[in-house]
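Here's the structure, in structure tokens; my notes come after.
Values in this text are rule-based calculations from the coordinates and carry no lab data. Only a predicted model underlies this, so the values are computations on that prediction, with no experimental measurement involved. Cβ coordinates were reconstructed from backbone atoms using ideal geometry, including for glycine residues, and neighbour counts include every protein chain displayed.
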Amino acid sequence: MPLATPPDLDDEPGHGRTLARTYPRGLHIEPHSHTWAQVLYAVSGVMWVEVEREALVVPPQRAVWLPPGTQHAIHMLSAVEMRNLYLHERDSQHLSSRCEVFEVTGLLRELITRLAERTSEDDDAWLTAAYRLATIELAHAPRSTLRIPLPDASDRRLAMLCRAVIENPSADIGFEQHAASVGASVRTLARLFTRELGMGFAQWRRQVQLAMAVSRLAEGQPVSTVARMLGYLPSSFSDMFRRELGIPPSEFRPAGTLGFAQEGEAH
């Protein structure tokens, strides 16, 4: 599949560059990097982004900041309408030097969309000002901490188990069953989880479940449907979601709106 790379990424900073492209569900973009910094964003659809031994599930409420040279791979969990910004290093030195996930504000969403769909009538002064405002908004956008650590390739059994959980994160499949499927003891795998991923199996799977839940809720799926998909009763799922993320799943907005519902807002 062609990389999601904009044309004319030369060495002159000027104003930024953009990409507007549609991708089907299931499409995978292999690991690659860009010479310019990237704001990886989809106005609709959900992306699974792997970067720096971490996986990030990115619904339309969020975007990913990728500094120049950051290798990343993208898997489309649904049909995706991608709208990316690319910023020269000299125009983004005030931003983070590491990959970050941030919440997309209403203003930032409109700026990214407008820039990605710009026309020949937009003059350079307007473009420069719009890109500058976008970087200011980006610097002040709230950051997300929902990240999934990934194993390296040093132990095939751990990598296979993690991939199996990602493909089916249901709580109905126990650790013992997963361990048997990859030919390793529970004790060995428990040690590998702690050493390689910094947490136990149950906590790691919960991170995967939360990320998948956020992506499904962002698509507008009912809480009860998402709960059953993950092997929970709806009440148990809501308790887990609230405990981990601080709000009930019913307050997570579907695609087409932004972020979480504010306190006191009608749902």
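So here's what we get for this one:
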| quantity | calculated |
| --- | --- |
| Stokes-Einstein translational diffusion, the range 152-251 - Kirkwood Rh over all Cα pairs, 1.002 mPa s, 20 °C, in µm²/s | 151 |
| 222 nm mean residue ellipticity, helices alone, for the chain (DSSP H n ≥ 4; -39,500 (n - 2.57); rounded to 500) | -10500 deg cm²/dmol |
| For Val80, Val223, Val58, order by how many other beta-carbon atoms lie within 10 Å, fewest first | Val223, Val80, Val58 |
| Contour excess over end-to-end distance, with Cα ends at Ala73 and Leu27 and 0.36 nm allotted per residue | 15.5 nm |
| Two-decimal log10 I(q)/I(0) for the chain, as the Debye equation yields it once each C-alpha is a single scatterer, q = 0.11, 0.12, 0.15, 0.16 Å⁻¹ | -0.65, -0.77, -1.12, -1.24 |
| Fully extended contour minus Cα-Cα distance, from Val186 to Arg156, at 0.36 nm per residue | 9.3 nm |
| Unit charges on C-beta of K, R, D, E only; dipole of the range 152-251, Debye | 240 |
| Ala125-Asp172 pseudo-label distance in nm [points 7 Å out on the Cα-to-Cβ vector] | 6.3 |
| Inter-site label distance for Glu89 and Ala164 at 7 Å from Cα along Cβ, in nm | 4.3 |
| Pairwise FRET efficiency - Arg228 versus Thr145, Cβ, R0 = 30 Å, nearest 0.05 | 0.65 |
